[in-house]
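Worksheet: one structure, shown below.
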Amino acid sequence: MGLALGELAGRLGGELRGDPDCMISSVASLERAGQGSISFLANRTYRKHLTATRASAVILEAAFADECPTATITVANPYAAYARAASLLSEAPVARCGVHPSAVIGAGCEIAPSVWVGPHCIVDDGAVIAAGVQLAGACFIGRGSHIGSDCMFHAHVVIADGVEIGERVVLHPGVVIGSDGFGMAHEQGRWLKVPQLGGVHIGNDVEVGAGSTIDRGSLDDTVIADGVKIDNQVRVAHNVRIGAHTAIAACTGIAGSTRLGSHCRIGGGAGILGHLEITDHVVITAMTLVTKSITRAGVYSSGVPAQENSVWNRTNARLRRLDRLVRKMRKLEQQLATSATDQEPTTTLTG
Amino acid sequence: MGLALGELAGRLGGELRGDPDCMISSVASLERAGQGSISFLANRTYRKHLTATRASAVILEAAFADECPTATITVANPYAAYARAASLLSEAPVARCGVHPSAVIGAGCEIAPSVWVGPHCIVDDGAVIAAGVQLAGACFIGRGSHIGSDCMFHAHVVIADGVEIGERVVLHPGVVIGSDGFGMAHEQGRWLKVPQLGGVHIGNDVEVGAGSTIDRGSLDDTVIADGVKIDNQVRVAHNVRIGAHTAIAACTGIAGSTRLGSHCRIGGGAGILGHLEITDHVVITAMTLVTKSITRAGVYSSGVPAQENSVWNRTNARLRRLDRLVRKMRKLEQQLATSATDQEPTTTLTG
Amino acid sequence: MGLALGELAGRLGGELRGDPDCMISSVASLERAGQGSISFLANRTYRKHLTATRASAVILEAAFADECPTATITVANPYAAYARAASLLSEAPVARCGVHPSAVIGAGCEIAPSVWVGPHCIVDDGAVIAAGVQLAGACFIGRGSHIGSDCMFHAHVVIADGVEIGERVVLHPGVVIGSDGFGMAHEQGRWLKVPQLGGVHIGNDVEVGAGSTIDRGSLDDTVIADGVKIDNQVRVAHNVRIGAHTAIAACTGIAGSTRLGSHCRIGGGAGILGHLEITDHVVITAMTLVTKSITRAGVYSSGVPAQENSVWNRTNARLRRLDRLVRKMRKLEQQLATSATDQEPTTTLTG
């Protein structure tokens, strides 16, 4: 496993300064790189490590090339180029093939010959698994679900019945797709379960992190479009629709029937209420609560940054009396206006 | 599968306007319904779809019946009636029966003949599983746990040792019940594990969403009363007690020993601190932090709705200086009072 | 199972007042204790139950001994002493031994003879499992991972490839360690996966609660030091480093590359952004958002406690106009200063 630097630069579409025959066998951080490894500079914070790096080569923007003591591959987007280099230089995951004898396969399943069904997997009746899919182990594929080609499901993934999954979808351990949504009708103080009859449709090239759950629709489908990336422990409720190439960071919850646009970025720990429409190219920062639809692209926030506890407690006490403060302010204004009028005309305060 | 409209109206306790012999075979949303399907109007937002629906019939309140171009079943609570109709018209989940040969059953278990123990389930020594229970696959039932009749456990449910579960309890994939609570004593800078010796008692008709975890008690039990509904990725800590018919939305955390009343509704992403008492009929809105006991029924909130980031940053900067603002205001008041006194008597500002 | 009170007092390093031959067979809360059980008082809230307890003995601080109607063991740290007593008096978990026939063991694994590999476990090629480890059932141990001696993994734990775990580590059901981090490069509106090539290193005596996930590093390792305790549904991102004896409560998320010091305590539902440095002995309270590095030990907060919804809505409306309020205040100050100057000199308002 290894590539000559010239070959690598060509594949990355970058410009090489240095020996094209130098062999590169691994990627590493600027600090830890040694001979035979290539590193990258994508975040200015790490520029301080550039001059001392012992990497054989560094991927970076042209602007920083002169500071680099080693061979360089200059590109416009070093992080993307690094991602490609890392793919080229790291050991590809082993694709296995066949059905482990401990797996349990239901009636009428269609499983392509190149599929790997790992130990203790359960594939229920009528499920269809296309070519190249890898089920690492102890995965559950529900009745009649369709898994597109070249998906990679890590251990303990659960797909409920009747779920449609596209191609090259990567699901990390413990992901659940197609569980019942939280649909209940209130009747005389009790909750009556509303059957969750919709499905889930996951597009191509979607990735979902460990422990995330995506519920099935109640009548229509929950839909995750192509290229959506979802981090760990994210909760997507029933009938949510997420547009293409949107990324959602960990611990975020999206309530029922909300539609998220494409190319959005949702920060960690955010909460988005139900029945909202969020347009394309919206950025939500960490721990923000979205209570209304968003019709204009832009960045939206409501996360409150930490303060020292003693200061925060005082701030909070003031916050609880904010309404009083405003009313007091109005009185002051009036009093001042009156007092001014008593003496001479003044400009009116507005606000 | 199908019901005559007259029969359906009777079962829903509603009043029919239309042909009682019209056959209904499915439920659908107003927008997507076609011939042979019945739809419903429960949320005024969707009233706009009523006049154009192609459903064979619609379940709704009497007030909207005249706007509806199709047959109608009028009821007081259309969402509940829809839930019943959907149950009647959708395919009932297949009840299987028996123990799959790949399941592993410990010593001294009692498993009723009508139970389904799916593939790769593990039922540890002395567990008792009552009639009609369905374990979909790869479920783990700990030593000595009791599962009441007609429970439905989806794939990958984990019940630890010595847990008591009532009847008709539905657990979605990845639910964990009876895990150790986070009990640790601090001693000289280290944490000493406090054995978690209590159990968990789950009542009848409880439903728990995918990925939620309910810890066992430390000494006494964690208790979830009848009819409680818990959404996905909710965390219930040790010794929490939740009253009957309370509903908890996704991503909420409830800390140790807190008691939640009955008929409460907890919004998504809420956090409730430990050792609190929340009375009955309390509503907590999304992303609210509850730090004190609540003794009066009502709605409580502290979630901050999103603003445009640039605006929010300014608000936040002001918030950090709120204490200063209040002190400044006091000075202004005093100064104004003094200045007024210099001239003439004035009313005192209070607040 | 039982210990004489004198023997127990000796093992706890406490001072006994009472009959050393009294046999103690269990621990219980002050309220529920009966003959033969020992209770404890560690939280003043429960002092009211002391005089009426029917325990045979109580562990408490010397200051409260005179109020106690029963035998007492006085110690400096009653909760820690109780934890020890509970360990001594409760049934030790049964250590099993061997490999269950339904487990699937890969090539080249090293599994010590005293290890228990429970039903439906999967141990992939080259994994090493040291003496005394217990895998309860349906655990997945990835290729080449090392599990140190005397670890206890409850059901459905997933360890990905190449993870290093220390000794006496306790993992609760559904824990995932070594899943891919959320590493993606943005390129022309799409996300390019960045291979996650680092590992995870977990120290000794770490405990991780149900449903928590710890991602592998992107290049270097994710590191959890000795004695760290992590509650349920916590998310630790790639390349995070957590110092020794830090405790993290449930539903908290820590973003990529952040370093948490040792002896920190992180409250439930907190969010800590990426690339930060949090020093030792920092306490973060519940639902706090940490957006900057913290260089000084202390307590930090930004959680907003709940108010009645009607009050909170008004507060929130005021909060949205806080910037206007501040600007208005400045005008008032100026106006008052001008008005004062018109009459006589005054002190300048600062703030």
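Taking all Cα pairs closer than 8 Å and separated by 6 or more residues, the relative contact order of segment B:240-339 comes to 17 percent. What is the P(r) of chain B, as percent of Cα-Cα pairs per 10 Å bin from 0? Histogramming chain B at 10 Å steps yields 5, 18, 19, 22, 17, 9, 5, 3, 1, 0 percent.
Evaluated at q = 0.09, 0.10, 0.16 Å⁻¹, a Debye calculation over the C-alpha positions of segment C:136-280 (equal weights, vacuum) places log10 I(q)/I(0) at -0.24, -0.30, -0.76. Over segment B:66-208, Cα pairs under 8 Å with separation of 6+ residues give a relative contact order of 14 percent. Using C-alpha pairs under 8 Å with a sequence gap of at least 6, the mean separation divided by the residue count of chain B gives a relative contact order of 6 percent.
From the residues B:Leu30, C:Cys97, A:Ile111, which one has its Cα farthest along the dipole of the protein assembly as shown in the positive direction, the dipole being from +1 and -1 charges on Cβ of Lys/Arg and Asp/Glu about the Cα centre? Result: B:Leu30. Remark: A:Leu8, A:Leu89 ranked as A:Leu89, A:Leu8, counting other beta-carbon atoms within 10 Å and listing the fewest first.
The Stokes-Einstein estimate for the protein assembly as shown, based on a Kirkwood radius over Cα pairs and taken at 10 °C with 1.306 mPa s viscosity, is a diffusion coefficient of 51 µm²/s. All alpha carbon pair distances within segment A:39-176 were sorted into 10 Å bins beginning at 0; the resulting P(r) in whole percents reads 12, 34, 14, 16, 17, 6, 0.
Here segment B:185-260 is treated as an ellipsoid with the same Cα gyration tensor; its semi-axes, largest first and in whole Å, are 25, 14, 9. Cα extents for segment B:208-250 along the principal axes, largest to smallest and rounded to whole angstrom: 27, 21, 10. Listed by chain and number, the aspartates and glutamates whose alpha-carbon sits under 12 Å from that of B:Lys193, ignoring those within fewer than 8 places in the same chain, are B:Asp180, C:Asp205, C:Glu207.
Restricting the calculation to Cα atoms, segment C:15-105 shows an Rg/Rh of 1.19 when the hydrodynamic-style radius is the Kirkwood one.
Taking segment A:184-224 and a reference point 7 angstrom along Cα→Cβ of B:Glu61, the backbone N atoms nearer than 20 Å belong to A:184-192. Antiparallel beta bridges, as assigned by DSSP with both residues in chain A, represent about 10 percent of the total such bridges. In a fully extended conformation the segment linking C:Lys48 and C:Glu308 would gain 90.5 nm over its present Cα-Cα distance, using 0.36 nm per residue.
Placing +1 on the Cβ of every Lys and Arg and -1 on the Cβ of every Asp and Glu, with no other charges, gives segment C:1-90 a dipole of roughly 300 debye about its Cα centre. Which translational diffusion coefficient, to the nearest whole µm²/s, is obtained for segment B:112-181 from the Stokes-Einstein equation, given a Kirkwood hydrodynamic radius over C-alpha pairs, 37 °C and 0.692 mPa s? Result for D is 288 µm²/s. Candidate cross-link partners of C:Lys328 among the aspartates and glutamates, defined by an alpha-carbon separation under 18 Å and a same-chain spacing of 8 or more, comprise A:Asp323, A:Glu333, B:Asp323, B:Glu333. Here the protein assembly as shown is treated with +1 on each Lys and Arg Cβ and -1 on each Asp and Glu Cβ, and its dipole about the Cα centre works out to around 3820 debye. Across all Cα atoms of segment B:67-119, the radius of gyration (one decimal) and Dmax (whole number) stand at 20.5, 64 Å. Here is the link list: A:Lys331/B:Lys292; A:Lys48/C:Lys292; B:Lys229/B:Lys292. Which ones come out longer than 27 Å on Cα distance? Long pairs (Cα-Cα over 27 Å): A:Lys331/B:Lys292.
Shape annotation for segment C:228-269: C-alpha extents along the principal axes are 20, 19, 11 Å, from largest to smallest. Relative to its Kirkwood radius, the Cα radius of gyration of segment C:142-214 gives an Rg/Rh of 1.09.
Can you sort A:Phe140, C:Phe40 from fewest to most other Cβ atoms within 10 Å of each residue's own Cβ?
Least crowded to most crowded, the residues run C:Phe40, A:Phe140.
Each residue in B:Tyr46, C:Tyr79, C:Tyr300 was given a count of other beta-carbon atoms within 10 angstrom of its own, and listing them fewest first yields B:Tyr46, C:Tyr79, C:Tyr300. For q = 0.24 Å⁻¹, what log10 I(q)/I(0) does segment C:1-53 give under the Debye formula with an equal point scatterer on each alpha carbon and no solvent? One equal scatterer on each Cα of segment C:1-53 leads to -1.00.
Taking the DSSP beta bridges with both ends in segment C:1-76, the antiparallel portion is around 35 percent. Its DSSP H runs of at least 4 residues, each contributing -39,500 (n - 2.57), put the calculated 222 nm mean residue ellipticity of chain B at -5000 deg cm²/dmol, to the nearest 500. Rounded to the nearest 5, what % of the DSSP beta bridges within the protein assembly as shown are antiparallel ones? Within the protein assembly as shown, antiparallel bridges account for around 15 percent of the total. So what's the gap between the Cα centers of segment C:309-336 and segment B:150-205, to the nearest angstrom? So the separation of the two Cα centres works out to 47 Å. So if I take the centroid of the Cα atoms in segment B:24-75 and the same for segment C:229-286, what is the distance between those two points in Å? Centre-to-centre distance over Cα atoms comes out at 51 Å.
We did not get these values from a lab; they are worked out from the coordinates using the rules stated. What you are looking at is a predicted structure, and each value in this text was computed from that prediction instead of being measured. No Cβ is skipped: glycine too gets one built from the backbone with ideal geometry, and neighbour counts run over all protein chains shown.
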